[in-house]
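The values are calculated or read from the model by the stated rules, or taken from the named source; none is laboratory data. The model shown is predicted, which means the values in this text are computed figures rather than measured ones. All Cβ positions, even for glycine, are placed from backbone atoms using ideal geometry, and neighbour counts span all protein chains on display. Remember, those area values only see protein heavy atoms, side chains included, never the ligands or the DNA or RNA. Shrake-Rupley method; radii C 1.70, N 1.55, O 1.52, S 1.80 Å.
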Amino acid sequence: MSFSAAVYGLGNIGRFAVEALEAAPDARCLGVIRRRQSLGAPSLDQRGLPAYASLDELVAAQGQPDVVLLCTPSRQVPDAAAGLLGRGFNTVDSFDIHDRIPETLARLDQAARQGGAVAVTAAGWDPGTDSVLRALFEAMVPAGTTFTNFGRGRSMGHSVAVRALPGVADATAITIPVGGGRHSRLVYVVLERGARFDDVRAAIAADPYFSHDPLEVREVGAAELPFVADASHGVLLERTGASGLTANQHLSFDMRINNPALTAQVLVAVARAAVRRKARGEAGAFTLLDIAPVELLPGERSTHIARLV
């Protein structure tokens, strides 16, 4: 099975999504959706693909894609996905505001069923593949405690949240693991002309992305920011507990990655799964917990079972 896709947004994740689709053996990217003011500006990240100001313009020129990869800031995802699903477009996204995932899933499920479409939401690496690992850890060690330790690295969601605040010209948010699943946030911020640092810091501290963690904000110049805006990130998942009546079980998973590249790769994998579910006549919204791993892989199920099981 092959599938066609459209990339909605050409930011940090969108440009890597274009690359991941290009590398996939069963995918074809029909084009990217960019802001109208960006059209005509040459971008190496498009990799020669056509760009459009709306999905309707892409469909008119290229036909309807099997799935749309939403590569927009998380706070824009619920409205964007619900609108597309209601019109019958399958969507995948990496929505990462953890405490809003249940309500977002319910909203997208209603829109998807109305439009006869499939959505996979919160499908990056956390939430996303880490969520699956946490579930597997609990299946293996039912009684115990799991710690998710992020970083050290740049959080795209936190960085986007800061850049949306008044007085901020640019910013990068770094996640620093403290241990035991706790984290501190280090934010490098470039101020707009006339903005007061204390006002910006107070706005960052009040934002839900930052209000629960220790926070340090540092003002930097525009020329300095690229040197601290490293895209690397990582996670260490650990669980200790008991399997049955046997205690002292210790599970761990550790990875160090390029954050947007891995997020984009997961989006392409779940796009494949979404198209397969639509082909089976399904409709609704799902997360990675709902999807069998074999659905994420190109090729035949029997081949993967023989190879991996």
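At a probe size of 1.4 Å, how large is the accessible area of residue 52, to the nearest 10 Å²?
We get 30 Å² for residue 52.
Expressed as a fraction of 2.2 N^0.38 Å, the rule-of-thumb size for a compact globular protein of N residues, what is the C-alpha radius of gyration of region 173-241?
Relative to the rule-of-thumb radius for its length, region 173-241 sits at 1.31.
Please report the carbon-and-sulfur percent of the accessible area for region 72-144; probe 1.4 Å, protein heavy atoms only, DNA, RNA and ligands left out. Could you put the intermediate results ahead of the total?
On the way: 1590 of 2950 Å².
C and S atoms contribute 54 percent here.
Pick out, from 174, 144, 188, the residue whose Cα sits farthest towards the positive end of the charge dipole of region 106-256, with +1 on the Cβ of Lys and Arg and -1 on the Cβ of Asp and Glu.
144
Quick check on packing: order 77-85, 119-127, 237-245, 223-231 by the mean number of other C-beta atoms within 10 Å, highest mean leading.
119-127, 77-85, 237-245, 223-231
How far, in nm, would the chain grow between residue 205 and residue 308 when pulled straight, counting 0.36 nm per residue and subtracting the alpha carbon separation?
Values: separation 103, 0.36 × 103 = 37.08 nm, distance 4.61 nm.
Here the answer is 32.5 nm.
Once you have the Kirkwood Rh of region 41-92 from its Cα pairs, apply Stokes-Einstein at 4 °C and 1.567 mPa s and quote D in µm²/s.
Details: Rh = 12.3 Å.
In µm²/s, the coefficient rounds to 106.
State in Å² the accessible area per residue of the chain; use a 1.4 Å probe, count heavy atoms of protein chains only, and round to the nearest integer.
On the way: 14560 Å² over 309 residues.
Heavy-atom SASA per residue in the chain reads 47 Å².
Determine the dipole magnitude for the chain: charges of +1 sit on the beta-carbon of Lys and Arg, -1 on that of Asp and Glu, nothing else is charged, the reference point is the Cα centre, and the result goes in debye to the nearest 20.
That gives the chain a dipole magnitude of about 400 debye.
Once you treat every alpha carbon in region 121-171 as an equal point and sum by Debye, what is log10 I(q)/I(0) at q = 0.20 Å⁻¹?
-0.80
How many percent of Cα pairs in the chain exceed 37 Å? Mind dumping the intermediate values first?
On the way: 8605 of 47586 pairs.
Cα-Cα pairs of the chain separated by over 37 Å account for 18 percent.
Please report, largest first and rounded to whole Å, the three semi-axes of the ellipsoid equivalent to region 15-157, where each semi-axis is the square root of five times an eigenvalue of the C-alpha gyration tensor.
Gyration-tensor ellipsoid for region 15-157: 30, 19, 14 Å.
Can you pull the three principal axis extents for the Cα set of region 90-142, in Å, largest first?
39, 19, 17
Which residue, 108, 164, 51, has the largest displacement toward the positive end of the dipole of the chain when charges sit on each Cβ (Lys, Arg +1; Asp, Glu -1)?
The residue sitting most towards the positive pole is 51.
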